Amino acid sequence: MSAAPASPSPRPAVTEREARQVAEAAREQDWRKPSFAKELFLGRFRLDLIHPHPMPADQDAQRGEEFLEKLRDFCETKIDSSVIERDAQIPDAVIDGLKELGALGMKIDTKYGGLGLTQVYYNKALALVGSASPAVGALLSAHQSIGVPQPLKLFGTQEQKDTFLPRCARTDISAFLLTEPDVGSDPARLATTAVPDDGGTSRSSGAESGGDYVLDGVKLWTTNGVVADLLVVMARVPKSEGHKGGITAFVVEAASEGITVENRNAFMGLRGLENGVTRFHQVRVPAANRIGPEGAGLKIALTTLNTGRLSLPAMCVGAGKWCLKIAREWSGAREQWGRPVGLHEAVGSKIAFIAATTFALEAVVDLSSQMADEDRNDIRIEAALAKLYGSEMGCLMADELVQIRGGRGFETAESLMARGERGVPAEQILRDLRINRIFEGSTEIMHLLIAREAVDAHLSVAGDLIDPEKSLSDKAKAGANAGVFYAKWLPKLVAGAGQLPRAYGDFHPAGHVDLSGHLRHVERSARKLARSTFYAMSRWQGRMETKQGFLGRIVDIGAELFAMSAACVRAEHLRTTGDHGREAYQLADAFCRQSRVRVDELFARLWTNTDDLDRKVVKGVLSGTYEWLEQGVIDPSGEGPWIADATQPETPKPDVRRRISRG
C-alpha cells in the first residue's frame, strides 16, 4: 500500500505563463454551435439567433407552473427571512420542508426522483425562493447549479448517476469545493492532493474498491459545506506510472473519516449561508467516485458553470422585482413638499432605473435559460454576461432602493418594526446581493473570461503572431492565415443594417413606441466594438492581455448590447402574445435609452482614460511611496497572517459540521 501524505503537499510553484496555460487548457476549445454573443463581439448582429423569442414546451411550462405554485405557498407560509437573519441559520424544518417539496431535485431528471424542471423554471424558482430568503436561494443554487447533480449530469457514469442522483433529488445536500486559502481564480496553484492507492480498501465502503485516492488539503468558502452530505472536490493527482495526473474532480461522502469542518464562516450578508472551511486528512475516496478522467477537473468545473452561472442573475431578477415593489409603494406613500417623493425627478429617475433594469435583466435571464434548454446555441458567453450584468445591476438597484428609502433604508427591519413601522429589509438586500459580484467568478475575473472568449476568433487565426515562443515559420503561417481572415472580415465592419432607416421594422408596430432604432444602434455598435477590438490587438499585440481596463470596457459594452437585444426581443414577444405588450415596449424603450448613454460613455473611455496613470500610482502604493498618506488613523484589524496556514495542526480542530435533523 502506498503511503499517503499527512498534510497538504507544498503548493506548486507556478509561473504566470504556466498558470495561463492551465486555464487555457481547461476552457472549451471548439465552437460547435452558434453563439449570439460571440457573433456580437465579432461585429455580426445575428438577431435571427434570438428572435422570435424561444418558448418552452407546453408540458414543461405546465410542470414548472405547478411547482412554482407549491413553492410560493411554502415560501409564504414556512420561510421567515427575519428569523434566518436573526439566528444566522436556516431552520432544520425549512430544509426538511424543501426536501419534501422536491426542491433539492428541481434540475434532476424524473427517472432519478427529481422534478425535471427546465432551466427556465429552475431559475424562476430560484428568483421566487431567493426573494423570500437569499440564504435559502443560495443553498438550493449551490446544491444544484454547481454541486453534485450538475457535473454528474454532464460527465458522470451511469453507475454514478444511479448511485448519487436519487440521494441529491430528495435527501442529500451537496457542495462544490475548489477554492483554497491561497487559491482563488488561479487553480494552477491548487495544493489539495489526491494520491492514488491502487491496492487500497475504501473505509467508506468497507470492501475492496479496486483502488482509492487519498485526499489531503484544505478548502475555503465551501458554500453548503457545513451541512453537506456529498461534496464535489477538486484535487491534484500527482503524475505517476499509470496515472496521467492533474486537477481532478471527485464525489466525496461528507461523513468520511478524516473530513473536518473547521469553521463556519460569517459574512456581511447571507447570514444563513452554511459556508465553511473543510479539511481533508488522509481521506479515502473510491476510484469509482472520480468524475471523468484524471486531469479533467477544471474543464468539468468550467463546463458546469456554463449554465450554473445563470442561477445568480436569476436571483438578482427576484431582488429587482422586490426593489421595484418597495420603491413604488414607499414613493407613493411618502410625501415631501406637498408631493409624493416618487414624483420628484431626483427620486423618480431612480425608480425608472430599477423598473427598466429589472425588465431587461429578466429578459436576459429568460432568453439565456431558454436557449440553454433548447441546446441549439452555445451560451457560454451569454451565461457569463448574464452573471456579470445581473450581479452588477442587482447591487445598483438595491443601493438605489436604500437611497430612495433614506434613513429608513439604512435602518434594519428589526429596528423599524420595534418602533412601529413596516420592517422593510432594504439594507439587508444590499448586503445579501453584494456577494454576487464575487461568487462564481468575480466581476474582474468575468471580464477576463469573457474577453478571452470574445477574442477567440482572432487568437485562432493570429495567436501565433503574438506568441513569443513560436518559431518564425509558425509566425509566417499565422500571418498568412490572418491575412485571409481579415481580408474577408474587416470590410464587413464598414456598413450594415444599422444604417438602413427601415431596418428591424417589425419592432415598430402601430400604436407602440419604436424599438427598431435601438436595434439599429446595437448593430452599429457591434461593428464599432469589433473594430475597436481589432485596433487594440494591432496596437498592443502580445501586451493585449495586460490591458485589463480596456478589456473590461469591451466586455461591458457587449453586456449592454446583449441586454438591449434581449429587452427588445422580450417586448416584441409579450406584444405578440398579448401579455402587457404596450407596457413592455415602454420599459424596453426606457432601458435601451438608459443603456445607450452607458454604451457611449464606455466607448469614449476605451481610448480616453487614466489606465496608464493608475498603473504608476499603484506601483507607488505597493512600493510604499505614499505610505505617509496612511498616517493619522488606527487600524482595528489587529495582528495575524493575511492567509491562514493550511498545514495539519498538531491538535485537530473540533468538527463544526451541522447535521440537519430529520423532521
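Based on the Kirkwood radius over alpha-carbon pairs, what value in µm²/s does the Stokes-Einstein equation return for the translational diffusion coefficient of the range 528-653 at 10 °C and 1.306 mPa s?
Reported coefficient: 81 µm²/s.
How far apart, in nm, are two points set 7 Å out from the Cα along the Cα-to-Cβ line at Glu444 and at Glu374?
3.8 nm
Between Ala255 and Glu65, with labels modelled 7 Å along Cα→Cβ, what's the label distance in nm to one decimal, could you check?
Once both label points are built, they end up 4.2 nm from each other.
Just the number: Rg to Rh for the chain, Cα atoms, Kirkwood Rh, two decimals.
Checking Rg against Rh, the ratio lands at 0.97.
Convex hull over the alpha-carbon atoms of the range 349-449: what's its volume per residue in Å³?
So the per-residue Cα hull volume is 112 Å³.
Can you tell me the dipole magnitude for the range 99-199 around its Cα centre, using point charges on the Cβ only (Lys, Arg +1; Asp, Glu -1), in Debye to the nearest 20? Intermediate values should be presented prior to the final figure.
Values: 9 positive and 10 negative charges, 118 e Å.
That gives a dipole near 560 debye.
In Å and whole numbers, how far do the C-alpha atoms of the range 208-295 stretch along each principal axis, longest first?
Per principal axis, max minus min of the Cα coordinates gives 47, 24, 19 Å.
What Kirkwood hydrodynamic radius, in Å, does the range 598-644 give when the mean of 1/r is taken over all pairs of distinct Cα atoms and then inverted?
Values: mean 1/r = 0.0703 Å⁻¹.
It is 14.2 Å.
Provide Trp540, Trp337, Trp489, Trp642 ordered by accessible surface of protein heavy atoms (probe 1.4 Å), highest first.
Trp642, Trp337, Trp540, Trp489
What does the extension gain come out to for Asp162 and Ser460, with contour length at 0.36 nm per residue minus their alpha carbon separation?
103.3 nm is the gain from fully extending Asp162 to Ser460.
What percent do you get for the relative contact order of the range 542-663 when only Cα pairs under 8 Å and 6+ apart count?
With pairs under 8 Å counted, the relative contact order is 22 percent.
Note down the magnitude of the dipole of the chain about its Cα centre, charges +1 on Lys and Arg C-beta and -1 on Asp and Glu C-beta and zero elsewhere, to the nearest 20 debye.
Dipole of the chain, to the nearest 20 debye: 1520 debye.
Can you give the calculated 222 nm mean residue ellipticity of the chain, where each DSSP H run of n ≥ 4 adds -39,500 (n - 2.57) and the sum is split over every residue, rounded to the nearest 500 deg cm²/dmol?
Calculated from helices alone, the mean residue ellipticity at 222 nm is -16500 deg cm²/dmol.
Let me know the volume per residue of the alpha-carbon convex hull for the range 112-201, in Å³.
159 Å³
Computed over the Cα atoms of the range 61-214, what is the ratio Rg over Rh, Rh following Kirkwood?
Using Cα coordinates only, the ratio equals 1.04.
Based on the alpha-carbon gyration tensor of the range 33-89, what equivalent-ellipsoid semi-axes (square roots of 5 times the eigenvalues) come out, in whole Å, largest first? Don't skip to the answer; put the middle values down first.
Details: eigenvalues 313, 84, 11 Å².
Those come to 40, 20, 7 Å.
Go ahead and run the numbers for FRET between Met417 and Arg659, Cβ-Cβ distance against an R0 of 30 Å, rounding to 0.05. Walk me through the intermediate numbers first.
Working: r = 33 Å, r/R0 = 1.09.
That pair, Met417 with Arg659, gives E of 0.35.
Tell me, what is the FRET efficiency for Lys33 and Leu629 to the nearest 0.05, using R0 = 56 angstrom and their Cβ-Cβ distance as r?
Computed FRET efficiency for Lys33 and Leu629 comes out at 0.60.
In whole Å, what are the extents of the range 471-592 along the principal axes defined by its C-alpha atoms, from largest to smallest?
62, 28, 20
Tell me, how many Å apart are the Cα centres for the range 586-663 and for the range 493-508?
Cα centres, the range 586-663 to the range 493-508: 41 Å.
Which percent, to the nearest 5, of DSSP beta bridges fully inside the chain are antiparallel?
In the chain, DSSP labels about 90 percent of beta bridges as antiparallel.
Take the Cβ-Cβ distance between Arg598 and Glu329 as r, set R0 to 25 Å, and report the resulting FRET efficiency rounded to the nearest 0.05.
Between Arg598 and Glu329 the formula returns 0.35.
Run the numbers for Thr577 and Val83: contour at 0.36 nm per residue of separation, minus the present Cα-Cα distance, in nm.
173.7 nm
How large, in percent, is the carbon and sulfur part of the accessible surface of the chain at a probe radius of 1.4 Å? Mind showing how you got there, number by number?
Values: 16220 of 30100 Å².
Of the solvent-accessible surface of the chain, carbon and sulfur hold 54 percent.
Dividing the alpha-carbon radius of gyration of the range 255-401 by 2.2 N^0.38 Å (N being the number of residues), what value is obtained?
It is 1.48.
The values are calculated or read from the model by the stated rules, or taken from the named source; none is laboratory data. Because the structure is a prediction, the values reported are computed rather than measured. No Cβ is skipped: glycine too gets one built from the backbone with ideal geometry, and neighbour counts run over all protein chains shown. Accessible surface is based on the protein model in full, side chains and every heavy atom, while ligands, DNA and RNA are left aside. Shrake-Rupley method; radii C 1.70, N 1.55, O 1.52, S 1.80 Å.
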